[in-house]
1. Answer with one residue from F209, Y253, L195: the one whose Cα lies farthest towards the positive end of the charge dipole of the range 186-303, charges on Cβ with Lys, Arg +1 and Asp, Glu -1.
2. Can you give me the convex hull volume of the Cα atoms of the chain, divided per residue and expressed in Å³?
3. Regarding the range 155-197, what whole-number volume in Å³ per residue does the convex hull of its Cα atoms give?
4. Where in the chain are the helices, taken as whole DSSP H runs, whose Cα atoms extend 30 angstrom or more along the long axis and whose Kyte-Doolittle mean reaches at least -1.0?
5. So which GluC sites (Glu not before Pro) in the range 123-211 end up in coil per DSSP with only 15 or fewer other C-beta atoms within 10 Å?
6. Going down the table (K97/K174; K75/K168; K140/K299), which pairs top 19 Å between alpha carbons?
7. Rounded to the nearest angstrom and ordered from largest down, what semi-axes does the equivalent ellipsoid of the range 124-166 get from its C-alpha gyration tensor (root of 5λ)?
8. Classify the range 53-200 as rounded, prolate or oblate, taking a ≥ b ≥ c as the square roots of the eigenvalues of its Cα gyration tensor: rounded when a/c is under 1.5, otherwise prolate if a/b is larger than b/c and oblate if not.
Amino acid sequence: MIDQSHSTHDAEADDRNEHIKIYVNGQIVDKAEAVVSVYDSGFMLGDGMWEGMRLYDGEWAFFDEHMDRLFNSLKSVSLEIDETPADILRILNDTAKANGMTSDAHCRLMITRGRKAKPFQHPALSRFGPTIVAIIEHSKPAENVQSQGIRLATVPQVRGLPMSQDAKFNSHSKLNCVIACLQAEQAGADEGLMLDPHGFVNTTNACNFFIVRRGEVWTSTGDYCMNGVTRQKVIDLCRNNGIIVKEKNYSLYEAYGADEAFLTGTFGAQTPVAEIDGKAIGPHQGAGPMTLRIRELYKQMVAENVAQQQATRG
Ligand SMILES: Cc1ncc(COP(=O)(O)O)c(C=O)c1O
């Protein structure tokens, strides 16, 4: 029985986060002084892009993949920054160092079009250069979420077609996802399971979604969801380890009848799903055997990536 509401981003309480240092536009300052203008494009319009990354043993796991997505997004919305991925790495490492962090830390890197000259929409009003902020918190995913699993509710809010607001944008504006999450909460669940415009199961409001059916791992085609780094890593590790994985259309019929379901995201890695719309998923309390296997393989993948980055840095 699940005793209280959770989210996939529940972390163990850590008082040290009240006193962290935060990077804001070239300076590393105390949390209380880490502010941006009320004219900032990110605040006013949600006009910005962000990345969530985790620190393992002094390295940002899958850093290149995160930068690839970030710079693709920035280019797509003509948000130009002077910094290169190497500069971003320096910013993150300096900030982590200022906080004495080497592991169990999570970064939210945010880049907006910057401060505007007037409180209106036109991007040309963002005249004072982009705003770059890196918040890195001490962060350990909460144990009870792993042991109990997440409750999902299917919500009316859908993932739209790419020509409205492409779901691949990790944009500051997450209103589509926030509405989905509110709808899920109102239905008594933790997170919203979102369908695509055709009614196929797509993603949740904050994570990518997988089911396990008769020994196969299924996820959506990827056409309407965030191109999650963790999603791709799970697909890759299945392929590399002889696990049948399919990116395909499927409906709630198949999701309800799945043997296991889990969410993927940088924060929680793989988080088991306990129920969808009040229906228990599979016979397992917490993660089922395939989810556990994938979690183990993912841990190895992270360790290999971290070792590779350490070797490159010398
Ligand atoms: C809507 C949504 N789906 C999925 C993800 C997971 O992506 P990743 O695995 O790259 O953390 C995120 C995280 O940014 C997200 O915002």
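1. F209
2. Given the Cα convex hull of the chain, per-residue volume reads 134 Å³.
3. Taking only Cα atoms, the range 155-197 has a hull volume of 67 Å³ per residue.
4. 289-313
5. none
6. K97/K174
7. 33, 25, 7
8. Details: a/c = 2.07, a/b = 1.14, b/c = 1.82.
Judged from the Cα gyration tensor, the range 53-200 comes out oblate (a/c at least 1.5, b/c at or above a/b).
Readers should treat all values here as calculations from the given coordinates under stated rules, not as data from a laboratory. No experiment lies behind these values; they were computed from the predicted model shown. Note: ideal-geometry Cβ built from the backbone for every residue, glycine included; neighbour counts use all protein chains shown.
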